Amino acid sequence: MNSVAKSVLQSVKRGRAAWLRHSSAHSGKQRSHRLVLGIETSCDDTGAAVVDEAGRVLGEALHCQKEVHLQTGGIIPVVAQQLHRENIERVVEEALRASGVSVAELAAVATTVKPGLALSLGVGLHYSQSLVSRHQKPFIPIHHMEAHALTIRLTHHLEFPFLVLLISGGHCLLAVAQGVSDFLLLGQSIDIAPGDMLDKVARRLSLRKHPECHSMAGGKAIEHLAQTGNQELLTFRLPMQQYRNCDFSFSGLQNLVSNAIRQKEKEEGIQEGEILSCVKDVAAAVQHAVAVHIIQRTYRAMLFCIKNSLLPSKNATLVVSGGVASNQYIRKALQNLTDANDFALLCPPPRLCTDNGVMIAWNGIERLRAGLGVLQSTAGIRYQPRAPLGIDISKRVEEDSIKVPRLKKIRWLAS
């Protein structure tokens, strides 16, 4: 472990970082439904929750590493791994205590095994393997993106099929959910995710030094400053305009933004690390470009699904989840898009859009009810840092070459 990682961990142990959240909806001792414990460690949050078949969250706990990684400007995998190791037992015990449930009462344990950071995934898997071995419980391996996609069925009564847009710091994809483990992948990011790009732009703008943003994560800081910025003062070329598919790309846009920031610093006569006078305008322009790119690809996915009868022609639904789904500018743009095309837009509550144990437990419930992937042994189970979601039909989307109407015609702008 390098010196930076060691110093960050030392600060954690002095109590300056990380917090634990727990809650309970347990209101009685009757157990009329099967219960699943969900465990999440795919990135930098250690989460656990107990959920029953009725969708009741009996207890949950979450240890968030955000403050730690804000200090270093990004996630250091070995630091995330160590913090998972130090907190996973406490988080699981807190979730069980809040729910009033013992391990003996569980029908199964569900744990994220793919995709994510290898070192983080390993902690959750190894802990779960030990737990189910000691208590002789079934094990349900969970695909992180499947869990995000199905969370909406915990909070809303929604039947299959529906269109899913997952946008976060680590992922960006469009898929049709046809069943609990039945997905058609329409497109995904070919490089980085939108949340990752926004975080990198925030670091390049040194937003932690901005008096309004010193305690905010990068994407939140961009959204906050953009509210009072003028997006029209800068214009960025949108990615992949020549490709009529549903894939995303954000690394090229990030490079354009970095070049624009460098030019603005030169014009203002300041050094990198100092705050631009036009920083709010840059934030607004960046957020707008990300929103337009997401809207264009999502619009094409909607048109493709209707054309190919993958969704009902009336009352189709778009589900949006992931950390970036909490961005209100992007959400408003998506709302306008769906309103203009007679789609319903559904989003889980913000606390369930980011990584958590509840969504893993619920995915376990869905799989338990469907009899899918419920294992009596963990032998041979391995974590997978990279794992596609469902069947990839992105080539078919590109072959259809659907032209997206001009966005101005559907008044998508988040005003």
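The values are calculated or read from the model by the stated rules, or taken from the named source; none is laboratory data. Since this is a predicted model, take the numbers as computed values, not measurements. Cβ atoms come from the backbone with ideal geometry, glycine included; neighbour counts cover every protein chain shown. We work out accessible area using only protein heavy atoms, side chains counted, and drop any ligands, DNA or RNA first. Shrake-Rupley method; radii C 1.70, N 1.55, O 1.52, S 1.80 Å.
What value does the range 45-183 have for Rg/Rh, both radii from Cα atoms and Rh as Kirkwood defines it? Show your work: numbers first, answer last.
Numbers: Rg = 15.9 Å, Rh = 16.4 Å.
My calculation of the ratio gives 0.97.
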Problem set entry | Highest-first arrangement of 144-154, 127-137, 217-227, where packing means the average Cβ count within 10 Å | 144-154, 217-227, 127-137
Exercise. In the range 291-406, what percent of the accessible surface is made up of carbon and sulfur (1.4 Å probe, ligands and nucleic acids excluded)?
Worked result: 49 percent
For this session: Determine the alpha carbon to alpha carbon distance for each of 200/264; 114/200; 66/220; 307/395; 264/332; 220/264 and list only those over 19 Å.
Result: 114/200; 264/332; 220/264
Problem set entry | Beta bridges per DSSP with both ends in the chain, % antiparallel, nearest 5 | 60 percent
Exercise. Hey, any idea what % of the range 75-186's accessible area is carbon plus sulfur with a 1.4 Å probe?
Worked result: 50 percent
Exercise. For the chain, with every protein chain kept in place, what is the accessible area per residue (1.4 Å probe, Å²)?
Worked result: 43 Å²
For this session: Just report the Cα centroid separation between the range 194-235 and the range 280-341, whole Å.
Result: 21 Å
Exercise. Could the peptides 389-402, 83-96, 105-118 be put in order, highest first, of the mean number of other beta-carbon atoms found within 10 Å of their residues?
Worked result: 105-118, 83-96, 389-402
For this session: Return the aspartates and glutamates within reach of residue 137: Cα separation strictly under 18 angstrom, same-chain partners fewer than 8 residues apart disregarded; answer none if there are no such residues.
Result: 40, 52, 53, 89, 93, 105, 366
For this session: For n ≥ 4 DSSP H runs only, could you compute -39500 (n - 2.57) per run for the chain, divide by its residues and tell me the 222 nm figure to the nearest 500?
Result: -13000 deg cm²/dmol
